[in-house]
Amino acid sequence: MKHISKQRVYSSLAKIAFWSFMFLGLIFIFFFRSPSSSSSATSDPSRRSLRTLAGPAWEKRVRASARIRSRNGISVLVTGAAGFVGTHVSAALKRRGDGVLGLDNFNHYYDPSLKLARQALLERSGVYIVEGDINDEKLLRKLFDIVAFTHVMHLAAQAGVRYAMENPSSYVHSNIAGLVSLLEVCKSANPQPAIVWASSSSVYGLNTKVPFSEKDRSDQPASLYAATKKAGEEIAHTYNHIYGLSLTGLRFFTVYGPWGRPDMAYFFFTKDILKGKSIPIFEASDHGTVARDFTYIDDIVKGCLAALDTAEKSTGSGGKKRGAAQLRVFNLGNTSPVPVSDLVSILEKLLKVKAKRSIMKMPRNGDVQFTHANISYAQRELGYKPTTDLQTGLKKFVRWYLSYYGGGKKSDQ
Ligand SMILES: *[C@@H]1O[C@H](CO)[C@@H](O)[C@H](O)[C@H]1NC(C)=O
């Protein structure tokens, strides 16, 4: 008797297990087939946004994240919030009591797990990142319906100079079409927000007069990336002129630091030095050194916040201009170019590993030989004054890198 009942229990347990499996399997299949699980930059953004996102709980989350908690605080929509600069700017705004809502499409240009880790970091400080694309005007309009953003910090972009030869359309999609989509929504928002956005030092292109000043030529880009950023500056001019949008472009100079972008030299040099892999160090065709005006992330964040704080209100309403509005472009650099070989020497000391250097001619695929920012305009208007030298900044980067990757485990992926 006892034996039989035991068998029965077993068989019913097996049945339960079987049906649970089937049920979980169905849920699994449903989620993998549903468009909401796709986070690719190229997937049609309008397909998923509102249907899967909208809802009272979601709106509550959006509102809570964008709520201003300090007197004279601002409410900022930060695009590219899971990116390197976006994460740091969002955290800094939140710390001082501003309302911050993030937006990011979590594309796979580089390891998305780093973006997810940054998202988790922001989540803990109360910043919610909506997963969506700046090309999704419906989603953007919905966000502006829920929150009357006073400012937009537009940092979403397709970055990288060399990748432009592999995937040119992603630059047009994010840096041109995406920018226009965002500005279209901003110009018809009531009230219109003031917009601060990331341009790039690469717009100086083949300009050889140093240090680069905002008034210098920027009509000879050396890469498609640079060309789309320059196009962005011209598009900004148009929206300022026609619709009275307040627009400030920031030309960033080689930003580096903790939580940085893995496609940048200081980042993959660190990874490859630790692995004992040789690293390519470019020299110019005349054996001249290649140097960069490396700018530490905390200095860039201060510049971004100062740009937001000094931005005047947009003047338009109902999609119409009511008066002249502010239009600015600033260099945000460090005014201290460092040869890339010196960068490697600093990394060797910090990592206590000798680098295998292989000197190569710089290929003509978009990189320029030298960047050096004249920051006197940003100094005057924004009180911008970088304080971190490359040695100090890299020390902080390396400390973060080793704690995040544990000396090279995660970076092996
Ligand atoms: C930097 O730019 C300012 C204009 O903003 C100019 O007056 C100054 O001469 C420039 N400095 C150098 C060293 O070129």
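Annotations for the structure displayed:
- Here's the list of lysines a cross-link from Lys361 could span, going by alpha-carbon distance under 21 Å and ignoring same-chain residues fewer than 8 apart: Lys277.
- Three-way shape call for the chain based on the alpha-carbon gyration tensor, with the a/c threshold at 1.5: oblate
- With the charge dipole of segment 268-413 set up from +1 on Lys and Arg Cβ and -1 on Asp and Glu Cβ about the Cα centre, the Cα lying farthest toward the positive end among the listed residues Thr289, Ala378, Ala307 is that of Ala307.
- Inter-label distance, Lys215 to Phe282: 3.0 nm, where each label sits 7 Å from its Cα along the C-beta direction.
- Cα shape, segment 312-413, gyration tensor, a/c 1.5 rule: prolate
- Whichever lysines have a C-alpha closer than 19 Å to that of Lys142, once near sequence neighbours (fewer than 8 apart) are set aside: Lys60, Lys187
- With K and R counted +1 and D and E -1, the other residues having a Cβ less than 12 Å from that of Glu59 yield a net charge of +3.
- Angle between the chain longest axis and helix 340-351 axis [Cα atoms, degrees, rounded to 10]: 50
- Annotation for segment 342-389: trypsin sites (Lys or Arg not before Pro) lying in DSSP loop with at most 14 further Cβ atoms inside 10 Å of their Cβ are Lys352, Lys354, Arg364.
- Summed residue charge, Cβ within 15 Å of Tyr225's Cβ, Lys/Arg positive, Asp/Glu negative: +2
- Under 16 Å of direct C-alpha separation, and excluding same-chain neighbours fewer than eight residues apart, Lys94 reaches these lysines: Lys302.
- Using the Cβ of Asn334 as centre and a radius below 10 Å, the other residues enclosed give a net charge of -2, where K and R count +1 and D and E count -1.
- Nearest 10 degrees, 0 to 90: helix 265-275 Cα axis against the chain principal axis: 60
- Directionally averaged projected area (segment 94-198, Cα convex hull): 7.0 nm².
- Taking the longest Cα principal axis of the chain as reference, the axis of helix 224-243 is set at about 90 degrees.
Where a number appears in this text, it was derived from the coordinates with a stated rule and is not lab data. Worth saying up front: this structure is predicted, and the values here are computed from it rather than measured. Don't worry about glycine lacking a Cβ; one is built from the backbone with ideal geometry, like all the others, and counts go over all protein chains shown.
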